[in-house]
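Worksheet for the structure shown next.
What follows draws every value from the coordinates through simple rules; no lab data is involved. Note that the structure is a prediction, hence the values are computed from the model and not measured. Neighbour counts run over all protein chains shown; Cβ positions are idealised from the backbone, glycine included.
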Amino acid sequence: MDSNSYSSISEKKLEEFMQKAFADISSSMSAMLVILGEKLGLYKAMAKSGPITSSELASRTNTYERYVREWLANQAASGYVIYDPKNGKYFLPPEHAMALADDNSTVYLHGAYQVMRSIFKDEDKFIDMFKTGKGLRWSEHHNDLFEGTASFFKPNYISNLTKSWIPSLDGVKEKLEKGAKVADIGCGYGISTIIMAKEFPNSIFFGFDNHLPSIEKAKQQALLGGLEGRVKFMTNSANESLEEDFDFITFFDCLHDMGDPVGAMKQAWKSLKSDGTCMIVEPMANDKLEDNLNLIGKTFFAASTLVCVPNSVADHGPALGAQAGEIKIRDIIKSAGFTRFRRSAQTPFNIIYEVKK
């Protein structure tokens, strides 16, 4: 734009945009401090201590006080901790501690920050794919993406999977309670598989993923949880043949990433019993772009640009993206031969689809 192009600029609109942009810059700059707070145990120490000074926090975490003092100031300015000027102490409210200090809570946030860390480490790969049109497979990302994604999804699955999503399906909970055969496609670290296995001890579970390092991690988690007798993890593409006679097949936040989602659903159709059910968990998305232009859409479009679409492009797939929407997912299901499809449940972050033959 030349200088004349700015003659019609609205100062008010410019100021509003700059405030919005600076808020994003502030959050991005502070993200590393959140990561450090988790890595150094600062949040956990504050959760146990009550109001605390920078010197006391540094002493409890074996860190350098001057850096801790500056970190606390940032966290107070961010609203993550509360500062009391009367006594110079900082406090981590219990509601914030749930998200920042308890890795078993249903709102734990640090997985998202680990995903962000992986994104910045892969900058050169993203530049190359934009310039060349090449894809970028899941396995080609930095390792932080795999671990961070598992940690990011875990709280949501703990909150909803066995409490509301499975109960929303016709007769599935009852089958699992009696004893069913379950396949979890694209299981990653096996978080969803293990949650289901613990809740339904009479059923047997098979986790499949084409990423060997993730399957190895899933096997470790099953062993630690004492589930190795009822849970089996295997390296297998969603488009390759599975075992047969499954009562229940699940796809958690992965169908839209695939190079051949129709082929994956065709394999599911072949592997499912005639009265079986598929559950497909997808990111919350509306069918029209304009209805996704919000905070959730902003987050998911970012992940989709850098992770979901490139993975599908790498296999010459349809590149559905994380904001595919119900119509596109339904078309995939129908093309695979399934005849029954419905939205059975939803949360602010996910849509749950029930699929039957």
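The table that follows gives values for the structure above.
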item: Set 181/328; 217/273; 175/356; 198/219; 154/217 screened for pairs whose C-alpha atoms are more than 19 Å apart; result: 181/328; 217/273
item: Mean Cβ count within 10 Å, highest first, over the residues of peptides 128-138, 262-272; result: 262-272, 128-138
item: Nearest-0.05 FRET efficiency for residue 274 and residue 234, computed from C-beta distance (R0 22 Å); result: 0.35
item: Value of relative contact order over the range 47-126, rounded to a whole percent, pairs C-alpha under 8 Å and six or more apart; result: 23
item: Segments 274-281, 215-222 sorted - mean Cβ within 10 Å per residue, highest first; result: 274-281, 215-222
item: Separation of alpha-carbon centers, the range 164-231 and the range 312-340, rounded to whole Å; result: 24
item: Fraction of alpha-carbon pairs over 27 Å apart in the chain - percent; result: 54
item: Unit charges on C-beta of K, R, D, E only; dipole of the range 1-153, Debye; result: 280
item: Separation of the residue 32 and residue 117 label points, Cα + 7 Å toward Cβ, nm; result: 1.3
item: Extreme residue, positive dipole direction of the chain, given options 335, 222, 150 (C-beta unit charges); result: 222
item: Added length on full extension, which subtracts the Cα-Cα distance from 0.36 nm per residue, residue 14 to residue 294; result: 98.8 nm
item: Radius, Kirkwood style, for the range 70-181 when every pair of distinct Cα atoms is counted (Å); result: 17.7
item: Separation in nanometres of the label points that stand 7 Å from Cα toward Cβ, at residue 140 and residue 39; result: 2.7
item: Whole-angstrom gap from the range 96-126 to the range 251-274, using each part's C-alpha centre; result: 28
item: Cβ-based net charge around residue 215, under 15 Å, with every Lys or Arg adding one and every Asp or Glu removing one; result: -3
item: Dipole magnitude (debye, nearest 20) for the range 153-356, charges at Cβ of Lys, Arg, Asp, Glu; result: 360
item: Cα gyration tensor shape for the range 161-266, rounded if a/c is under 1.5, else prolate or oblate; result: oblate
item: Shape of the range 30-99, Cα gyration tensor, a/c cut at 1.5; result: rounded
item: Proximal aspartates and glutamates relative to residue 298, as straight alpha-carbon distance under 13 Å, when same-chain residues fewer than 8 apart are discounted; result: 24, 290
item: Bridge type composition, the chain - antiparallel percent by DSSP, nearest 5; result: 45
